[in-house]
Amino acid sequence: MIDMEERIMIENGTRLDGRRFDEVRPIKIEVGVLRNAVGSAYVEWGKNKVIAAAFGPREVHPRHQQSPIKAIVRCNYNMAAFSVPDRKRPGPDRRSSEISKVISDALTGQVFVERFPRTAVDVFVEVLEASAGTRCVALTASSLALADAGIPMRGLLVGCAAGKINGEVVLDLGKEEDNYGEADLPVGIEPMTGEISLMQMDGHFTREEFDKALGLITEASKGIHEMMIEALKRRYSEV
Ligand code: UDP
């Protein structure tokens with residue numbers, strides 16, 4: 001959504017990378033990839049490569065952040081300097097703080113935080129390669145890392161986006177579609193209940209387009225959820 005220049009991104013009903021409107025980019029999931037984390041997950045989603053590490057429930061530092069009635073869930077999202085074609089300046093910035101916050105908020109709604117007062121559950125996300133939709137991939141990976149760490153949760157969150165390109169509502173924008181499209185709607189959803197824990201929007205949808213976008217996300221999230229469960233099962237059948 002950084003450029004208003006009109007680009008042809010749909011030809012004969014197909015997108016630039018050959019996908020249908022309701023198709024997500026290829027996804028690969030592996031759980032338990034890090035020896036030194038309590039739980040971890042690696043997700044490849046299109047050209048995105050994201051790793052998440054989970055810890056806790058554990059003592060809270062700094063102490064003033066602790067809550068006497070519940071655990072706090074913290075997320076630290078970071079993009080590696082080499083994750084994008086133009087080197088990303090290392091360290092936190094406004095965008096990574098925002099993404100960290102929306103992911104922690106979304107995860108807080110899923111973790112049974114009241115069971116672990118005065119503790120912290122931490123998730124660290126490292127984006128190794130970025131190509132649109134990293135917050136969705138990061139949320140999916142974080143949710144898997146928490147599950148791998150054995151943190152009791154209501155369900156697994158799937159991050160998935162839909163957007164608008166050349167006036168058409170499509171699922172899971174790729175990099176060019178994200179740059180030249182008209183709207184992007186990243187969502188965090190628990191597909192079993194349909195509960196939505198994250199929703200952001202960039203650009204403009206009509207009410208009908210918004211409903212269509214959410215419909216596409218809801219449908220796709222069920223398949224992604226199955227892949228997540230399969231990855232977790234693989235991990236625990238190997239031990
Ligand atoms: N991006 C980049 N440099 C940056 C931040 C982002 O090249 O410093 C790219 C990256 O590919 C990212 C995309 O821009 O995936 C879209 O970023 P946005 O803030 O919309 O978040 P995302 O779509 O990754 O959740």
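A few notes on this one:
- Summed over qualifying helices (DSSP H, 4 residues or more, each -39500 (n - 2.57)) and divided by its residue number, the chain shows a 222 nm mean residue ellipticity of -9500 deg cm²/dmol.
- Built amide H within the under 5 Å cut-off of R15, gap 5+: none
- Per-residue Karplus couplings for the range 166-172, computed as 6.51 cos²θ - 1.76 cosθ + 1.60 with θ equal to phi - 60°, are listed in order as 6, x, 10, 7, 9, 8, 6 Hz, Gly and Pro entered as x.
- Each of I217, I10, I103, I224 has some number of other Cβ atoms within 10 Å of its Cβ, and from fewest to most they run I10, I224, I217, I103.
- Computed from Cα positions, the angle between helix 207-238 and the longest principal axis of the chain comes to roughly 50 degrees.
- Selection of GluC sites (Glu not before Pro), the range 1-81, meeting DSSP coil and at most 14 other Cβ within 10 Å: E5, E6
- Vicinal HN-Hα couplings computed from phi for the range 17-27 (Karplus, 6.51 cos²θ - 1.76 cosθ + 1.60; Hz; Gly/Pro x): 9, x, 7, 6, 4, 9, 10, 8, 5, x, 10
- Normalised by residue count, the chain yields a Cα convex hull volume of 132 Å³ per residue.
- Cα extents of the range 86-197 along the three principal axes, largest first (Å): 48, 36, 21
- Cα-based helix-to-principal-axis angle, 94-108 vs the chain, degrees rounded to 10: 60
- By the Cα gyration tensor, the range 1-84 has an equivalent ellipsoid whose semi-axes, rounded to whole angstrom, run 38, 18, 13 from largest to smallest.
- Close amide H contacts of V170 (hydrogens built in the peptide plane, cut-off under 5 Å, sequence separation of 5 or more or a different chain): G163, K164, I165.
- On the beta carbon distance between A81 and D202, with R0 = 22 Å, the FRET formula returns roughly 0.35.
- Integer Hz, Karplus 6.51/-1.76/1.60 couplings in order for the range 115-123, x for Gly and Pro: 7, 10, x, 6, 10, 10, 10, 10, 10
- Annotation: amide H of L198 within the under-5 Å range of G188, sequence separation 5 or more or interchain, hydrogens built in the peptide plane.
- Label point at R89 placed 7 Å out along Cα→Cβ; residues across the range 172-197 whose backbone nitrogen lies under 12 Å: none
- Whole-number Å³ per residue for the convex hull built on Cα positions in the range 154-205: 73
- Shown here for the range 23-115: trypsin sites (Lys or Arg not before Pro) in loop regions (DSSP other than H, G, I, E, B) with at most 13 other Cβ atoms within 10 Å, namely R35, R87.
- Here each label is just a point 7 Å from Cα along the line to Cβ, and for N12 and H61 those points are 6.0 nm apart.
- Rounded to the nearest 20 debye, the dipole size of the range 75-183 about its Cα centre is 420 debye, using +1 on the Cβ of Lys and Arg and -1 on the Cβ of Asp and Glu.
- Sparse-neighbour loop sites [chymotrypsin sites (Phe, Trp or Tyr not before Pro); the range 76-171; at most 13 other C-beta within 10 Å; DSSP]: F82, F112
- Solution diffusion estimate, µm²/s, Stokes-Einstein, the range 52-151, Kirkwood Rh from C-alpha pairs, 20 °C, viscosity 1.002 mPa s: 154
- Pairs from K47/K175; K88/K175; K49/K164 whose Cα-Cα separation, in the structure shown, is over 18 Å: K49/K164
Bear in mind these aren't lab numbers, they're just calculated from the coordinates by the rules spelled out. Quick caveat: nothing in here was measured; it's all calculated off a predicted structure. Virtual Cβ from ideal backbone geometry, glycine too; neighbours counted across all protein chains shown.
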